[in-house]
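Reviewing the structure listed below.
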Amino acid sequence: FGENPDGSLKEHLKSSYEDWLPPYSRRMRVVVTGAAGFVGSHLVDFLMKRGHSVVAIDNFSTGYHMNLLNWMDHKNFVLYTHDVRLPLKIEGAVDQIFHLAGSASLQDCMIDPTSILTTCFQGTMNMLELARNCNARFLLASSCGAYGFPLWHRNPQSENFLGSVKTFGRRACHDEGKRVAESLCYAYAKQHKVEVRIARIFNTFGPRMRIGDGRVIPIFILQCLRGECFTVIGDGNTSRSLMYISDLIDGLVELMLSDYTGGPMNFGKEEEYNLIEITEIVTKAVRKVRGDKFRPTKITFLPSRKDDPMMRNPDCALAREQLGWSTKVDIDQGMLETVEWFAAMEKENWLYDVE
Ligand code: NAD
């Protein structure tokens, strides 16, 4: 991806974190795995804008150099193209490791489940070894997938629920992978005294989401921007909670800094929207962005898919009590920022991936 001649897209990629109060009191050296992905690149922005030194690690299986474009030449930034399934040594002190490498996408689970599992197990173990060698604090980006199928138990889900996961479902590689990664963290904490934090992340959206990963937000936004029909899977009653990316980054940073070691912690938006409501939210944002050029789109219903959770809603009382964390960004505001980004990318023909 080349530089946009007038710099406008690069400017657009600068997120709105600049206004935030710095949460760190001193400069740190922070490793971020999965740094070129959706969540990782926003975390890198957050850390770099506060003057920290970042070691970004990614094998670019689903991530993009473009997501790190702002920092490539920065003196506080270094990028290692590395697969976390292989051991890694880093010279010098490291304060924190945010281990985000991995995928949350059903599409990826269907294409290469073995890689997803080995990244969860071998990748997490290698990065825990790195934390052990560097004496760094370690945060794992786990997932609500660790709870398994939500229809069979209480919704919203709190950390007290121990899970209902199949070893053989379509999402098993991700769900069981995250469970074993969590267990590895606790094994390293107990056996090797590594300080670990575990974030169970619920559906998150925002600029830089991958188009080809099969998630509903990028699909709906592109369909609406292009005036194509929305494809709703099932009868439209499936619901999702949608957290904006800046709220998640806030939570990950707060958890990393906190003294809480009691177990995994949920991060998500405590509001559910069904798919029809989500098409309406997307339409509202696209109408604002497109102005006179907006064309309304219809909905096509497709058959439900096996193992797709019908609902997924977090209980985030623990994060509120322990960190004082709660989501701040309203869904309409987050959707507008996301649609603006997708529209800018579409205009520059920079939309990547299989659609
Ligand atoms: P993403 O696909 O955008 O980013 C993942 C990054 O990890 C990519 O840059 C990819 O190239 C890299 N990666 C994958 N395997 C790797 C390997 N073996 N070695 C090195 N790098 C590797 O996904 P995301 O949405 O940014 O998710 C980040 C993390 O958060 C993942 O662990 C995911 O499971 C978790 N999570 C995300 C969500 C969400 O809604 N985005 C929800 C639950 C959990």
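The values are calculated or read from the model by the stated rules, or taken from the named source; none is laboratory data. Given the structure is predicted, the values throughout are model-derived calculations rather than measurements. So basically every Cβ, Gly included, is an ideal-geometry build from the backbone, and we count neighbours across all protein chains shown.
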Exercise for the section: Output the residues belonging to the stretch 232-260 that are more than 18 Å from SER158 (Cβ to Cβ) and out of contact with any helix residue (DSSP H, G or I) (no Cβ under 7 Å at 6 or more places or on another chain). Expected result: ILE233, GLY234, ASP235, ASN237, ASP247, ASP250, MET256, LEU257, ASP259
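Any residue at all in the stretch 89-98 that is surrounded by 24 or more Cβ atoms within 10 Å (Cβ to Cβ), under 21 Å from THR204 (Cβ atoms) and near the ligand (Cβ under 8 Å from one of its atoms)? Before the answer, list the steps.
Our first condition is that a residue be surrounded by 24 or more Cβ atoms within 10 Å (Cβ to Cβ); within the stretch 89-98, this holds for 97-98.
Next, only the ones that are under 21 Å from THR204 (Cβ atoms) stay: 97-98.
Next cut, near the ligand (Cβ under 8 Å from one of its atoms) only: none.
No.
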Problem - Yes/no for THR124 being more than 9 Å from the ligand (Cβ to nearest atom), over 30 Å from ASN349 (Cα atoms), buried (at least 24 other Cβ atoms within 10 Å of the Cβ) and not aromatic (Phe, Trp, Tyr) - result: yes
Handout entry: Which numbered condition ARG200 misses (of (1) assigned to a strand (DSSP E or B); (2) out of contact with any Leu (no Cβ under 9 Å at 6 or more places or on another chain); (3) away from the ligand (no atom under 13 Å from the Cβ))
Key = (3)
Completion exercise
Going through the stretch 148-189 in order, the residues found to be within 11 Å of the ligand (Cβ to nearest atom) and touching a strand residue (DSSP E or B) at 6+ places or on another chain (Cβ under 8 Å) are HIS174, ASP175, LYS178, ALA181
Handout entry: Residue ID - farthest from the ligand (Cβ to nearest atom), chosen from residues in the stretch 45-77 that are over 15 Å from ASP95 (Cβ atoms) and of a type in the set (Val, Ile, Thr)
Key = ILE57
Problem - Matching entry among PHE121, PHE98 (being closer than 20 Å to MET209 by Cα, at pLDDT 95 or above and out of contact with any Asp or Glu (no Cβ under 8 Å at 6 or more places or on another chain)) - result: PHE98
Practice task
Within the stretch 102-117, track down each residue that is of a type in the set (A, V, I, L, M, F, W, C), crowded, with 19+ Cβ neighbours inside 10 Å and out of contact with any Cys (no Cβ under 6 Å at 6 or more places or on another chain).
Solution key: ALA104
Handout entry: ASN160 out of contact with any Phe, Trp or Tyr (no Cβ under 8 Å at 6 or more places or on another chain) and in contact (Cβ under 8 Å) with a residue 60 or more places away in the chain
Key = no
